[in-house]
Structure formats: structure tokens, C-alpha cells
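Notes to accompany the following structure.
The values are calculated or read from the model by the stated rules, or taken from the named source; none is laboratory data. Note that this is a predicted model, so its numbers are computed, not measured. In this analysis, Cβ positions are derived from the backbone assuming ideal geometry, glycine residues included, and neighbour counts consider all displayed protein chains. Ligands, DNA and RNA are stripped out before the accessible areas are found, and what is left, the full protein with its side chains, is counted by its heavy atoms. Shrake-Rupley method; radii C 1.70, N 1.55, O 1.52, S 1.80 Å.
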Amino acid sequence: MEYRRLGKSGLQLSALSFGSWVTFHKQIEDNTADELMGIAYDQGINFFDNAEIYARGESEKMMGRVLRRKNWDRSSYVVSSKVFFGWRGPENKPNQTGLSRKHVTEACHEALQRLGLDYLDLYFCHRPDKNTPVEEVVWTMNVLIRQGKILYWGTSEWSGVEILEAQRVADRHHLIGPTMEQPEYNLFQRQKMEKEYLGLFREMGLGTTTWSPLASGLLTGKYNNGIPEGSRLAIGGFAWLKDRLITEDYIQKVRRLSEYANSLQTNTATLAIAWCLKNPNVSSVIMGASRKEQLQENLKSLDLVLSLTPEVMGEIDKIVQTKPVQPEY
Ligand SMILES: NC(=O)c1ccc[n+]([C@@H]2O[C@H](COP(=O)([O-])OP(=O)(O)OC[C@H]3O[C@@H](n4cnc5c(N)ncnc54)[C@H](OP(=O)(O)O)[C@@H]3O)[C@@H](O)[C@H]2O)c1
């Protein structure tokens, strides 16, 4: 395993990490979660990602049960949670979502309880909250750090301007600003990582834990000829994701990518994850898996990174045609 510093912080994360969105509780039960986290940990993965909204809190409870069973040394792994969406779904009342001091504090306490932990290593604001002043968010996160309930705080899917604003508030009050952002990053979603945040990487030393490296499985090629039973896009309630991902343009590109991957003696999923790892501004690529074979296959991407020469990266760009255009000045 390769370890990377989380931006300019002293924390080291495994370059590949493991998350529980969709899979934990919805697709897999405790024994499979135990097996997957065990494989991940044995292969050197030290970061496990979670959120209050995942399976409405059940994902954190499942991860908590696995961690208790595994009894790994607490200092050997990093766990995250994220706050914003709440966990009660349609029953969420005012103050049970968002980034107010009340919800951020209560959500932290609840996540700790569900995970059975004394502190969260990473705590993310899952989305920006237009109804809460950024000062309130920065101060709340700093209080939680001082109380020892979280170690690092960050954002997820915030704009570059919003992250910079949070950093400015922190600087003004001698507080700790956001250490990391969690954006979507894959061959079809590149704008934030390759354009919008470039100044933040340079000026702030922002770290990143990136999500959906396979665009929910699209970049494995598994949807090239329809939607296989048991796959994510076949699950009830995910029609919105299917509409977003199953387009003629994407499928054509993945087909060509699959051919190119074969010509390199690898497969589409391994190539797509290795491509994410190749970006030095990525601190950790969070993977998802519903089966151990997927995880084992995806771990092979670490060995492929060195083969991604400028020529190979150029060929990939020609196929996907998603490289953000940089300003000429
Ligand atoms: N901050 C945010 O807003 C946010 C949003 C989304 C995710 N995340 C985090 O990022 C993590 C990863 O996201 P993701 O699950 O969307 O990642 P992903 O890598 O894009 O998709 C993972 C899914 O693809 C399928 N898959 C994976 N490897 C495969 C393989 N080798 N062959 C065939 N199918 C394969 C599996 O689904 P099936 O077997 O069901 O088809 C698996 O659950 C999440 O768990 C979560 O922690 C964060």
C-alpha cells in the first residue's frame, strides 16, 4: 500500500480507502462487511468512510459492529463521518439537518454513538449550507476539535470559493480551517479536481478524499450491455443515478475504454481507479464494493499507476474527452 499525506496535514491515509455508501445495510450484511473491511485492512487500507445519512445511520452502526469485532488498534485506522443530510429522511425536522451548531454537534455525538468510537478522525460537512453562516460552521468544528471529538474537519462538494471563505474565517480568528475536501472524481467528473481547486491545492495545501472512482460501477464496463441484476443501478430508488449515468455517450466511451484497457492487459475498473491515483492532488481514492472479488480486483490498480505514461494518459483523454480546458493566460 502507498500512503499519502492528507494535504499539508501530518495525517497519512492509504492511497486507496474503503467506503460504505449504498453497500452497507442496503446490499450487504455484517459478515460481508466484516470480510470486506478485513481484506481492506490486511492490504494496508487505513481509512474507512461513512456518513450520518448512509442507510439512515445503519451504515455507521454496521461499521461500528465490525470495528468492535475486529478490535484493531484504534491508532491504526482512520474513520470519518459526514453531517448535513440528517438520518431521518422525510421525518427530518428543522435542526435535524444542515450545518447549524446544533445539528453539527448533535450529529457528531450520534455518529460516535453509532460507530462506538470516542472520536472521529475526519468529520466532513457533506454539502454547503446556505442557511448557516460559515463563521458558525468553522467555530463549531474548532470546538469539536478542542473537545477531542474530531481530529480534522473538511468539506464535501463545496465550491472552491466556499472552501476559501471558510479558510479566510479560520485565518481571521486563528482557528483551524478545512483540511480536506471530498469531491466526486472519476474519468467523467474532473472539473473540481483538475480546474476549480487547483489554486486551493497550491495556496492552502488542501487534501482530498475522492469518491465514486468507478462512477458507481459504470467505469467497470458492467453496464455496457444493459443493467445486470443485483448491481447498484438495479436497486430500487436509484433511478435518478441510472438516468444520470446510462447515456449513449457514456456507454460508447466506456466500451472504447474497455477495449483500450484490454490492449494494456488490464481491465476497465483497474484502469479507471489507477487513473484517479495518478493525480498527485488526490490524497485517497475511496472505493466501494459489494463483493470481495470486486475489492480484490480494484486493489490491483495500485500496481498499474506506474504504467500510466503521458502517452497512455493522452490516449485515455482522447477516448473520454472530458479533460477540463485551462485558461490560456
Ligand atoms: N461525499 C459524498 O458526497 C460521497 C458520495 C458518494 C460516495 N462517497 C464515498 O465514496 C465511496 C465510494 O463511492 P462509490 O461506491 O460510488 O464508488 P465506485 O467505485 O464508483 O462504485 C462502487 C460500486 O461499483 C461496483 N463495483 C466496484 N468494483 C467493481 C468491479 N471490479 N466490478 C464490477 N463492479 C464493481 C459495486 O456496485 P454493485 O456491485 O452494486 O454494482 C460497488 O459498490 C462511498 O462508499 C462513500 O464512502 C461520498
Checklist entry - Does V78 fit the bill of being β-branched (V, I, T), in contact with a Leu (Cβ under 8 Å, 6 or more places away or on another chain) and either under 25 Å from G207 (Cβ atoms) or without any contact (Cβ under 8 Å) to a residue 24 or more places away in the chain (or both)? => result yes
Item to check | Selection count where residues are within 16 Å of the ligand (Cβ to nearest atom), of a type in the set (D, E) and open to solvent by 60 Å² or more (accessible area, probe 1.4 Å), scope the stretch 7-53 | outcome: 2
Next on the checklist: I need the full set of residues from the stretch 202-229 which are open to solvent by 60 Å² or more (accessible area, probe 1.4 Å), out of contact with any Pro (no Cβ under 9 Å at 6 or more places or on another chain) and within 11 Å of the ligand (Cβ to nearest atom), in order please.
Outcome noted: I227, E229
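Let's see how each residue does on (1) over 19 Å from V254 (Cα atoms); (2) touching a residue at least 60 places away in the same chain (Cβ under 8 Å); (3) in contact with an Asp or Glu (Cβ under 8 Å, 6 or more places away or on another chain):
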position	(1), (2), (3)
A269	no, no, yes
W275	no, yes, no
S284	yes, yes, no
E293	yes, no, no
E297	no, no, no
K300	yes, no, no
D303	yes, no, no
L308	no, no, no
Item to check | Tally, over the stretch 94-109, of residues that are in contact with a helix residue (DSSP H, G or I) (Cβ under 7 Å, 6 or more places away or on another chain) and either open to solvent by 40 Å² or more (accessible area, probe 1.4 Å) or of a type in the set (D, E, K, R) (or both) | outcome: 4
Checklist outcome for this item: Note on the stretch 222-255: residues hydroxyl-bearing (S, T, Y) and touching a residue at least 24 places away in the same chain (Cβ under 8 Å) are Y223, Y250
Checklist entry - Given R56, R4, which one is at pLDDT 95 or above, open to solvent by 20 Å² or more (accessible area, probe 1.4 Å), among the charged types (D, E, K, R) and within 16 Å of the ligand (Cβ to nearest atom)? => result R56
Item to check | Qualifying positions in the stretch 253-288 - buried (at least 23 other Cβ atoms within 10 Å of the Cβ) and not in a helix (DSSP H, G or I) | outcome: S283, S284, V285, I286, M287, G288
Checklist outcome for this item: Here the residues within the stretch 59-75 that are crowded, with 19+ Cβ neighbours inside 10 Å and of a type in the set (D, E) are E60
Checklist entry - Looking at the stretch 299-318, is at least one residue farther than 26 Å from K8 by Cβ, surrounded by 15 or more Cβ atoms within 10 Å (Cβ to Cβ) and either within 12 Å of the ligand (Cβ to nearest atom) or modelled with pLDDT under 95 (or both)? => result yes
